[in-house]
Structures are given as C-alpha cells and as structure tokens.
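The values are calculated or read from the model by the stated rules, or taken from the named source; none is laboratory data. Note that this is a predicted model, so its numbers are computed, not measured. Here Cβ is always computed from backbone atoms with ideal geometry, including for glycine, and neighbour counts include all displayed protein chains.
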Amino acid sequence: MNYSQYTVHSPQTLNEALGILKEKQSEVRLIAGGTDVMVLIKDGVLKEKELLNLSYLDELKYIREDGNIIKVGALTTYRELEKSSVVNLSAPILVDACKTIGATQIQNLGTLAGNLGNASPAGDSLPPLYVLNANVKLQSAESERIIPVSEFFLGPRKTKRAPNELITEITIEKAKPGLHYFFKKLGLREANAISLVSVACIVDLDKDKKINSIKLALGAVAPTVMRAVKSEKLATGRQLDLNLIDEIARGVSEEISPITDIRGSTEYRRRAAYGLVYEGLYEALMGTAKRVSGGIEGVY
Ligand SMILES: Cc1cc2nc3c(=O)[nH]c(=O)nc-3n(C[C@H](O)[C@H](O)[C@H](O)COP(=O)(O)OP(=O)(O)OC[C@H]3O[C@@H](n4cnc5c(N)ncnc54)[C@H](O)[C@@H]3O)c2cc1C
C-alpha cells in the first residue's frame, strides 16, 4: 500500500473545507473516520487521487438538543452517540444499532455521516435514522439544503449529495417516552459482521396492545434501506396478537426485494426478515421489548 500517491488536504475549518470542495469537486474523496475509505485504498480501488480529510473540523463534532430534535454534527462517532445521555434517553434505537457496528475500534472512528456517505443498503445506522425521521443537512460554499433521509439515497453507493456538498449535520426526532422499539440485525456471525438483514422498529401500543402507530425500516433487503409502508398500514389501529404479528411479518417479507449474494439468497433474506420482525413484535406483545425512557421517571 503506497499512501504517498495521494494528496491529502486537511482543512482546519468548515469554510476552508467547503472552499476546497468548491474548487476540487469530484477530484477529491471526502474522508472522515476512514473506516470505509481506507479499505478502498488498501484494496487499490479508490479512483480519486486526492483526499479531503475532515477529521480536524471540530465544529462538526457535537450532539445538541433543540426541543424535540437532536442535532448530530457530521463528525460525531458511534462511540460518542453511544455515550450521549440525550440519545440514550430519546433515541435509544440508534444507540443499539451503533453498538453492532464493527467492533470498538470501528465505533471509535466511524461516523454517522460516513455511514450515510457510504450509502450501503446494509449500513446499520440507517434503519434507525429512517424510523427517527432523520434529515440530512448538505452544505456547499454557496448554500445549504435539508433532505429527509428517506429521500437521500438513489441506490447502492449513490446519494443526492452534489460533488460540491458536504453532509454537515443529521437531525433526528426524539421518540416519545414509553414507545416500544427494537433494532435487530442478522449477520453471518454474532459480532463484527455486515448485516444480511436488519430491522428497526418503533411501535406505539396502547394499554390494551392496540397499535396506535408503527414504523418499520429494513436494511440489506433492497437497493436502499426501506420503510415497510404497506405492512405499517395494515398494522395500524389493530390489536397486536400472534395472528397479527404473523400477518405483519409475512407482509414485510413479501414487501422487501432482497437480492441473492455471497451472504445469502433472496429466499433466506425473506425468511430472516420474517423472523426478526416476528421476534421483535412478540417481545413487544409480551412486554419484554425495550421502551423509550425519555428521561421521565416511572416510564421504563
Ligand atoms: C472492520 C469493519 C467493520 C465494519 N462494520 C460495519 C457494520 O457492522 N455496520 C456498518 O454499517 N458499517 C460497518 N463498517 C463500515 C464503516 O465503519 C461505516 O460505514 C462507517 O460509518 C463509515 O464512517 P467513516 O467516518 O469511517 O467514513 P469514511 O470511511 O471516512 O467515509 C465513508 C464514505 O462517506 C463519505 N463521507 C464521509 N464523511 C462525509 C461527509 N461529512 N459528507 C459527505 N460524505 C462523507 C466518504 O467520502 C466515503 O465515501 C465496517 C468497516 C470496517 C472496516
């Protein structure tokens, strides 16, 4: 591996970074934690010869509360999200997903913006971002715009980011205290594995287990992460019981469009999605699923 062939730009401020990006556009590859980009370099497949190193941009390292919203700076790492009290209290589904990403070393370096920028349908932070109604802020030297995460991806490795834009912030909605949630991921081994299927779900059950609302997002089962909107619709307003759990899980397994690849076949992924959704909703029915605490005493 010969790093000397790369020109590395290391701006110290966001303005400086946006200026370089304005000039270089697609000639530079953005690099944050480097946990995806360094693999491309090691494998000799990175086509750009210049790197725009974002790691000195301290102004993009933050987690802030703003009313019902949590604002996450683009350079925030998984470990920082895992340690954040507001994220644990009001978006714990994201914490659960972060804890499954690689091992400690990867969680110390990898960033949320890097997972978005990498645009893999198997990116593990993405299903939670979908069910938390996340928005992605894109900034260029001239302007900024905000795109819902559900509209950000165009396909595997493809996003709406223009070559002169940086992801600078991700905003997520706080989940209401008391809601049930689960993030489940199936890989080829227990830890340090790419998702074969992943599911994020937030479900609002009333005291009689009627579903007031449900959000279900799946990873690695379509060209981009997707919401299972048909299944969400069929479930809303109905009494959660074993029959409905089976109906929802079957609906999800039919609604997805997984491919066959080295990790698993289409049929296997459909069955895995069925199993993960069934298991999560069964836990909600039995009262053993996790619940958003929101920091309110008495609500688990
Ligand atoms: C051993 C190992 C295990 C892994 N396990 C998992 C796993 O379990 N689950 C999972 O989802 N991922 C996993 N990954 C992939 C990787 O860790 C994540 O995708 C991580 O979030 C990437 O973040 P980063 O900051 O390191 O990104 P980088 O590698 O720096 O960049 C990734 C991509 O995002 C772009 N980018 C970075 N920052 C920005 C920005 N601010 N604006 C726009 N584009 C940007 C880069 O140009 C690049 O295309 C693993 C990687 C390794 C090496």
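Just so you know, in the range 86-133 the residues that are of a type in the set (D, E, K, R) and out of contact with any Ser or Thr (no Cβ under 6 Å at 6 or more places or on another chain) include one that is nearest to the ligand (Cβ to nearest atom), and it is 99. Looking only at residues in the range 188-204 that are over 16 Å from the mean Cα position of the chain (by Cα) and at pLDDT below 95, the one that is nearest to the ligand (Cβ to nearest atom) is 192. Among the candidates 48, 16, 59, the residue that is in contact with a Leu (Cβ under 8 Å, 6 or more places away or on another chain) and farther than 26 Å from residue 192 by Cα is uniquely 59.
Which of the helices (runs of 4 or more DSSP H) found entirely inside the range 225-300 contain at least 1 residues meeting this: surrounded by fewer than 16 Cβ atoms within 10 Å (Cβ to Cβ), of a type in the set (Val, Ile, Thr) and under 24 Å from the mean Cα position of the chain (by Cα)? Correct list: 229-235, 266-286.
Residue 72: more than 20 Å from residue 37 (Cα to Cα), β-branched (Val, Ile, Thr) and within 14 Å of the ligand (Cβ to nearest atom), yes or no? Answer is yes for this residue. Only one entry in 156, 148 is more than 23 Å from residue 69 (Cα to Cα) and more than 10 Å from the ligand (Cβ to nearest atom), namely 156. Quick one: residue 45 ticks every box in (1) hydrophobic (A, V, I, L, M, F, W, C); (2) loosely packed, with under 14 Cβ neighbours inside 10 Å; (3) over 22 Å from residue 106 (Cβ atoms) except a single one, so which number is it? So residue 45 meets the others, but not (3). Between 184, 215, 207, the distinction of being basic (Lys, Arg), more than 12 Å from the ligand (Cβ to nearest atom) and not in a strand (DSSP E or B) belongs to 207 only. May I ask you to verify whether residue 169 is more than 12 Å from the ligand (Cβ to nearest atom), outside any loop (DSSP other than H, G, I, E, B) and under 15 Å from the mean Cα position of the chain (by Cα)? The answer is no for residue 169. Residue under question is residue 237, and the condition is that it be touching a helix residue (DSSP H, G or I) at 6+ places or on another chain (Cβ under 6 Å) and of a type in the set (Gly, Ala, Ser); does it hold? Taking the combined requirement at face value, the residue does not satisfy it.
I'd like the residue in the range 16-39 that is under 21 Å from the mean Cα position of the chain (by Cα) and assigned to a helix (DSSP H, G or I) and, out of all such residues, is nearest to the ligand (Cβ to nearest atom). Once the filter is applied, the top-ranked residue is 37.
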